[in-house]
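Any read-out appearing in this document is the output of simple, stated calculations on the displayed coordinates, not a laboratory observation. Treat the numbers as computed from the prediction; the structure is a model and nothing was measured. Every residue, glycine among them, receives a Cβ derived from its backbone with ideal geometry; neighbour counts consider all protein chains shown.
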Amino acid sequence: MIKNFLLVTSVMFTSVLCFTSCDSTTNKSMEDKKVSITRDTKEVYVQNETENQYDLSYFSGKAEVNIYHLEKARYNDVHPGEAVLIFVTEPFLIQKQVKSDHPSNSNSVPVLKMNRIDRFSTGIYDYSIYTSVFTPTTKFEPTYPLKVTMSSQDWCGQSFMQLNNNRGFDFMLRSYFESEGDTTEHLGYSLTEDNILNLARIDTALLPRGEFDVIPSMSHLRLSHAPLKMYKGNASLSNLENQVVYSYDIPELKRGVRIFMNPRDNFQIVRWEETYPTVFDGKLRKSVYTLRKSERLPYWELNQTKDDNWRDSLQLNFI
């Protein structure tokens, strides 16, 4: 079992998260944290002072490939689609922040990588949104991913966003919209919404409760054209029948998310819902992701014509 839901919170978040955990009443400041100087001596990551070794053997050797039926809220409607959520561990270079070809204990760190792909159509044209999150599981706090990338393609054009852990977070945006253009930003350390699914799979004790600061999902910022900044969020963790439910809201964005997990299967994400105002009319609509099929397999080896049968087995393209 990767985590124990009843485990008390042993890993403290920094004060920028400002949340109340189940068993802690105080949070250490960033200044009190141990830090590690990396990335050409200019980058500071928050070091995992407890040196917890999270057991991610479930994701090693094979990836967990999850296929979801998607009902995507976009424009003035809810559209059919399909989503893929992949979890796998890999070595990640600390300084270059890319997958390591020749990993060693000194130059790399194991990460839980999540690849999320949302594909849906809006009337005549299609969308494809791809998000990758790289979360350290040793040496550094899992709270702060080492890197997040997001690309969005539709018939109008494409855009790309990237976050890098660098004394906080460096953001880069490349967009076909004039108002966005090519921009860069830097924000201090806080929870990143894109990292929440990884934290849930590593250890639910890492998920904040109560009020916290959050950088919203890059795909949501992109599709809503909301400003990139820290927002206030509120979160809770509860039990519902045989599931664990993590719920959080970002009031300023009118955004609410509920994540349903199976505690008997490594907290697999069986469903999640995102409610937010869609563009044009601003009406609150809900996107729903419902697990259709899940397999553990080395998908990178299944690239021959004879492997096409796996698509039927995974129920891919069965919108």
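Ratio of alpha-carbon Rg to the 2.2 N^0.38 Å globular estimate for the stretch 242-296, to two decimals, please.
Its radius of gyration relative to the 2.2 N^0.38 Å reference: 1.34.
Could you give the C-alpha radius of gyration of the stretch 219-319 expressed as a fraction of 2.2 N^0.38 Å, taking N as the number of residues it contains?
For the stretch 219-319, the normalised Cα radius of gyration comes out at 1.39.
Per 10 Å bin, what is the whole-percent P(r) computed from every C-alpha pair distance within the stretch 110-164?
Spelled out bin by bin, the stretch 110-164 gives 23, 41, 23, 11, 2 percent.
Cα centroids of the stretch 248-292 and the stretch 63-79: how far apart, whole angstrom?
10 Å
Counting just the Cα atoms, what span does the stretch 30-313 cover along each of its three principal axes? Round to the nearest Å and put the largest first.
Computed over the stretch 30-313, the largest-to-smallest principal extents equal 50, 46, 40 Å.
Can you tell me which of 274-281, 252-259, 193-200 comes out highest on packing, and rank the rest after it, using the mean Cβ neighbours within 10 Å?
Top to bottom by mean Cβ count within 10 Å: 193-200, 252-259, 274-281.
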